[in-house]
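Heads up: the structure comes next, in structure tokens.
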Amino acid sequence: MSKPHIVILGAGYGGLVTAIRLQKKMRRREMDVTLVNKHEYHYMTTHLHMPAAGTDHHENARVAISDLIDERKIQFKKSTVQQILPAEKKVVLEDSVLTYDYLVIGLGSETETFGIPGMREYAMSIKSINSVRFIRQHISYMFAKSKMVPNRKDYLTFVVGGAGFTGTEFVGELADRIPFLCRKFDVDPAHVRIYNVEASPSALPPGLPDDLIAYGMDVMRRKGVQYKLSTAIKACTPEGVILDSGELIRTGTIVWAGGIRGNSLLQEAGFDVQRGRVKVDPYLRSYQFPDTYITGDCSIVTSPEGTPYPANAQIAVQQGYNAARNILQTVRGKELKPFVYDYKGTVASLGRWDAVGLLKVKKVKGRWASFIKKMIDARYLFLIGGIPLIWKKMIWKQKGAN
Ligand code: FAD
Ligand code: NAD
């Protein structure tokens, strides 16, 4: 009897953990597993706000996939998925076509622009190693340019759209980075402006308690961040951003952190989607195509009360465990296990040494919260690469992002 072929699309949190768990748990010659990813490395999206601002090197946010998987057990294919054909059980890559018995989709998210004019053309977003290298270089370039063309305040004005977790974490790092850039480029710090524009009445997601939100916003304001709250970005232009009040903020730098949607390949493949994401069954499978498991930002899992859980790395990792286990159960003809989300809490950084968070019901803030966030990062590195990876990415790490 031929072995089942499992194809995993995307080596992000959900896809990579599925692959690592299958590698660990499958028996010899039990199945063939192919992992497809568009880069030869896995990147930790949860770190990307730091290299985007330039407070850390992008090398610390990525790991070669060949260092994480055993290629005798998992075949790795560096390629870009172009089309998923679930009815035919095929995946079209840029250079070949794969057929599968079971598919795992972990292709992550895309930036949600809500159709805001000019957003795609004039704003940057924190999505990948390539995008954060670009943002960091652009910020430095604006500082350099401000010295060449005097009296252009827009070169030293930085606008971040959205003050959810991504916007807040990036703004915190950027504010920490500004004093260094001012010294490097002989710029008076009084000339630099950071605006964080947020459509809702406060920064940080509404799920956090009010006192933590107040603490977080106070920390940011003390770092020099100016909030524009209850204010939506209506358009982006080559001159800057236009707010719903009609005000134009002249800027050479727009970073958009206004939200995400699932990878568009799922909608194109005919899956029923809500903002690009697929509501999955209790075992993380598509209702339409039960041979397909969907993890991470591409999926929607609801609480027992029916509320969708936020898309984050924590749930994607747990889904990776569950998808791998259910694939093994299926191949072995055993009963599937429903996915139960074990929410451990959320911590958002406010720059290098500060953070706020809620661990189940316990509130944390300040340096202690920042330490906990670093421990969460270390725990993930341990999970995928053991102590050597913690050593390489957090202790003996690549310096000099400047
Ligand atoms: P991803 O991790 O995004 O991985 C998707 C993978 O698919 C990537 O490797 C990509 O290269 C690959 N891919 C995409 N398209 C293709 C294609 N066509 N062909 C081949 N490969 C493709 N969550 C938390 O829980 N805690 C945090 O502290 C946190 N911090 C964050 C900070 C920032 C700045 C951001 C932007 C997000 C943060 N998140 C955090 C959210 C979290 O990173 C995401 O929810 C998580 O990455 C989703 O994992 P995933 O497996 O769905 O996709
Ligand atoms: P988000 O959707 O959570 O936040 C986007 C923010 O942009 C919202 O506050 C929204 O009101 C605002 N916004 C939308 N349109 C706007 C407009 N036109 N003008 C101004 N503001 C506008 O998106 P995110 O922050 O990128 O987070 C995405 C997911 O990743 C979430 O599920 C989040 O929990 C997760 N995440 C988690 C962490 C963490 O745990 N530390 C960090 C980053 C992201």
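The table below lists the values:
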quantity: Table column - 3J(HN,Hα) (Hz), segment 348-365, Karplus curve with 6.51, -1.76, 1.60, x for Gly and Pro; calculated: 10, 7, 10, x, 4, 10, 9, 6, 9, x, 10, 9, 6, 10, 8, 7, 9, 8
quantity: Equivalent-ellipsoid semi-axes of segment 119-256, from the Cα gyration tensor, Å, largest first; calculated: 23, 17, 15
quantity: Per-pair calculated FRET efficiency, R0 = 30 Å: residue 342 and residue 134 via Cβ, rounded to 0.05; calculated: 0.25
quantity: Which of 86, 236, 45, positive extreme of dipole for the chain (C-beta unit charges); calculated: 45
quantity: Pairs of Cα atoms farther than 10 Å apart, segment 146-186, %; calculated: 75
quantity: Assigned charges on the beta-carbon of Lys, Arg, Asp, Glu; segment 267-402 dipole about Cα centre (debye); calculated: 920
quantity: Over segment 119-256, relative contact order from alpha-carbon pairs under 8 Å, at least 6 apart, %; calculated: 33
quantity: Acute angle (nearest 10 degrees) that the helix 366-390 long axis makes with the longest principal axis of the chain, alpha-carbon atoms; calculated: 40
quantity: The chain: relative contact order as a whole-number percent, Cα under 8 Å and 6+ apart; calculated: 19
quantity: Gained length - residue 226 relative to residue 275, 0.36 nm times residue gap less alpha-carbon distance; calculated: 14.6 nm
quantity: Label point distance in nm, residue 375-residue 75, each placed 7 Å from Cα along Cα→Cβ; calculated: 4.3
quantity: On Cα atoms only, tilt of 210-222 relative to the major axis of the chain in degrees; calculated: 50
quantity: Dipole magnitude of the chain, debye to nearest 20 (Cβ charges: Lys/Arg +1, Asp/Glu -1, about Cα centre); calculated: 1280
quantity: Segment 61-75 - phi-based ³J(HN,Hα) in whole Hz, Karplus 6.51/-1.76/1.60, Gly and Pro as x; calculated: 9, 9, 9, 4, 4, 5, 7, 10, 10, 9, 6, 7, 9, 10, 7
quantity: Length added when fully stretched, residue 152-residue 248, from 0.36 nm per residue minus Cα-Cα; calculated: 33.1 nm
quantity: Stokes-Einstein translational diffusion, the chain - Kirkwood Rh over all Cα pairs, 1.567 mPa s, 4 °C, in µm²/s; calculated: 58
quantity: Segment residue 39-residue 120, extension gain: residue separation times 0.36 nm, minus the distance between their alpha carbons; calculated: 26.9 nm
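Where a number appears in this text, it was derived from the coordinates with a stated rule and is not lab data. Just so you know, these numbers come straight off a predicted model, no measurement behind them. Cβ: placed from backbone, ideal geometry, glycine included. Neighbour counts: every protein chain shown.
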